[in-house]
Amino acid sequence: MALRPLLSGIGAMMWLTTAQAQTTDPLDVLGSWSFQTKPYRDGQCLMTGTMQLTSHPDSGRYACELTAVEMCAMWGRSVVVQSCHARRFGKQLTVRSTIDQVLEQKTDDLIYVPDNFNLTIQDASLMYGALISAATAPVLFRRAIEGIS
């Protein structure tokens, strides 16, 4: 008879775990992402970086911060920290940025334009779409895997 309460407890835990799994959004975008564009400007430039999406009080909106690293053969490397906001419509996510700080730039007369993105959410670990800035390019975002130390 002592087995019955144990089995009831296990059954309740399994139901709770199943219920939680069903309420988790498979298109959730909160968290850390890394990204990389395809080469652009005739193959002379490539952008990589990171983006952190955090919750916002309004449904379908996110606060974010991104750091973009642009490498171009003609003017070198730029590293730019940007604040941003994102809006989600179903599987679509738009990211609009504002430059906070230029950490590195090889050419003084270069005017860096904020990096915006139009993305499609494939699943909770992958988004794809386009960089929309001074140039446009296809981009892929992958959720950063956060390890345990």
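Assess whether T107 counts as being surrounded by fewer than 16 Cβ atoms within 10 Å (Cβ to Cβ), at negative phi, of a type outside the set (K, R) and not in a loop (DSSP other than H, G, I, E, B).
Details: surrounded by fewer than 16 Cβ atoms within 10 Å (Cβ to Cβ): yes; at negative phi: yes; of a type outside the set (K, R): yes; not in a loop (DSSP other than H, G, I, E, B): no.
Against the criterion (surrounded by fewer than 16 Cβ atoms within 10 Å (Cβ to Cβ), at negative phi, of a type outside the set (K, R) and not in a loop (DSSP other than H, G, I, E, B)), T107 does not qualify.
Of everything in the stretch 27-53 that's among the aromatic types (F, W, Y) and within 12 Å of L131 (Cβ to Cβ), which residue is surrounded by the most Cβ atoms within 10 Å (Cβ to Cβ)? Explain how you work it out, then say what you get.
In the first step, residues of the stretch 27-53 are kept if they are among the aromatic types (F, W, Y); the result is 33, 35, 40.
Right, trim to within 12 Å of L131 (Cβ to Cβ) and you get 35, 40.
Numbers: F35: 22, Y40: 20.
Among those residues, the one meeting the criterion is F35.
Of the residues making up the stretch 110-149, those that are in a strand (DSSP E or B) and of a type in the set (D, E, K, R) number 3. Quick check on my filter: what residues within the stretch 1-50 are hydrophobic (A, V, I, L, M, F, W, C), out of contact with any Cys (no Cβ under 6 Å at 6 or more places or on another chain) and modelled with pLDDT of 95 or more? Within the stretch 1-50, W33, F35, L46, M47 qualify.
Considering the stretch 45-102, the qualifying strands (runs of 3 or more DSSP E), each wholly inside and each with 3 or more residues that are farther than 26 Å from I145 by Cβ, run over 76-89.
The values are calculated or read from the model by the stated rules, or taken from the named source; none is laboratory data. Treat the numbers as computed from the prediction; the structure is a model and nothing was measured. Methodologically, a virtual Cβ is constructed for each residue, glycine included, from the backbone with ideal geometry; neighbour enumeration extends over all protein chains shown.
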